[in-house]
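Okay, so here's the structure we're looking at.
Computed from the coordinates by the stated procedures, all read-outs in this text should not be read as laboratory data. Please read all numbers here as calculations on a predicted model, not as lab measurements. Methodologically, a virtual Cβ is constructed for each residue, glycine included, from the backbone with ideal geometry; neighbour enumeration extends over all protein chains shown.
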Amino acid sequence: MLLQLLANGIISGCSYAIVALGFAFIYNTTRTFHFAHGGVYTLSVYLFYTLYNLWALPLIVAIVITVAVTAFVGILIDKIIYIPLVKRGSSLFIQMLSSLGLYIVLINFVAMIYGNETKVLSPGIQPTYSFGSLILTQIQLATAIAFVVLFIGVIVVLKKTRLGKTIRAMRDDPQLVSVLGINPRRVRRVVFALGSALAACAAVLSGLDIGTDPNVGMAAILNGAVAVIIGGVGIFEGAALGAFLLGILQSLAIWQASARWQEMITFLILILFLLFRPQGILGVRHRIEEVSV
């Protein structure tokens with residue numbers, strides 16, 4: 001029983017980590033608390049539902065279109081909402097409030113079109129695989145594989161490519177990026193596209209696993225943001241580590257209590273980290289490296 005719960009927590013952590021990596025791309029680079037990331041998450045899963053369930057497109061085609069369109073939506077959000085606010089010198093708090101307002105608009109837009117009832121994206125019983133006493137569904141395995149592939153891809157881009165170096169440079173010193181002749185808006189477009197695409201990947205996998213409703217984005221952005229904070233703000237790998245810790249602790253909490261306590265556990269973990277380790281799990285190592293340089 002305990003082993004199965006730990007496995008379920010790890011799978012949940014994989015899903016949280018994909019969302020958290022997308023949120024980290026945007027927040028670490030632009031310092032914009034992209035609350036609308038949850039709205040983008042919801043919008044993408046309903047777009048997939050339309051393509052796959054209503055229009056009967058092949059699964060892979062529906063996924064590719066969903067990810068591409070969601071990436072474009074992320075770019076539009078930055079261009080229409082955030083960049084005008086940055087031009088006017090708006091504070092980060094104003095940007096966060098605007099993002100929250102956009103989240104509410106997106107959620108109500110989805111609810112107005114599709115209704116508030118839960119949509120089942122993958123009807124029927126999913127195939128399962130047994131690993132000793134562990135039982136995992138096909139979608140759970142796909143979620144774990146997707147996380148591994150996407151995480152490796154993110155790390156390779158950040159560490160081995162010029163684009164990744166530019167993103168990390170903008171994270172550390174946005175003014176220096178401008179001095180070097182790099183267009184910050186171009187970097188913003190890239191990070192919003194990548195972050196939104198990652199949200200779409202997580203949304204599709206979660207939707208196929210447990211279905212969806214207009215409020216799924218709230219849990220997604222909550223878990224993603226908390227994972228970034230407890231893993232270490234500014235450290236991309238920390239987002240994944242924080243997501244796994246969050247998923248496992250939530251699973252263990254459900255074992256001892258009830259799923260209704262899941263959000264309380266999330267906030268409790270956040271409060272404990274803010275009180276006793278505000279720099280996050282990897283924050284100390286990051287700061288030592290900065291001092292040593």
Between 148, 91, 27, whose Cα lies farthest towards the positive end of the dipole of the chain when Lys and Arg beta carbons carry +1 and Asp and Glu beta carbons carry -1, centred on the Cα centre? 91
Given springs between every Cα pair under 10 Å in a Gaussian network model of the chain, which of 283, 22, 115 has the largest fluctuation? 115
Taking the Cβ of each residue in 170, 218, 112, 1 as the centre, tally the other Cβ atoms inside 10 Å and list the residues starting with the fewest. 1, 112, 218, 170
Taking N as the residue count of the chain, its alpha carbon Rg divided by 2.2 N^0.38 Å gives 0.99
Residue-by-residue Karplus 3J(HN,Hα) for segment 127-136, coefficients 6.51, -1.76, 1.60, Hz, glycine and proline x: x, 10, 10, 9, 10, x, 8, 8, 10, 10
MRE, 222 nm, helices only [DSSP H, n ≥ 4, -39500 (n - 2.57), over the chain, to nearest 500]: -25000 deg cm²/dmol
Fewest first, what order do 177, 149, 204 take by the number of other Cβ atoms within 10 Å? 149, 177, 204
Check the straight Cα-Cα distances from residue 87 and name the lysines below 30 Å, setting aside those fewer than 8 residues away within the same chain. 79, 165
If neighbour count is taken as other Cβ atoms inside 10 Å, put 79, 159 in order from fewest to most. 159, 79
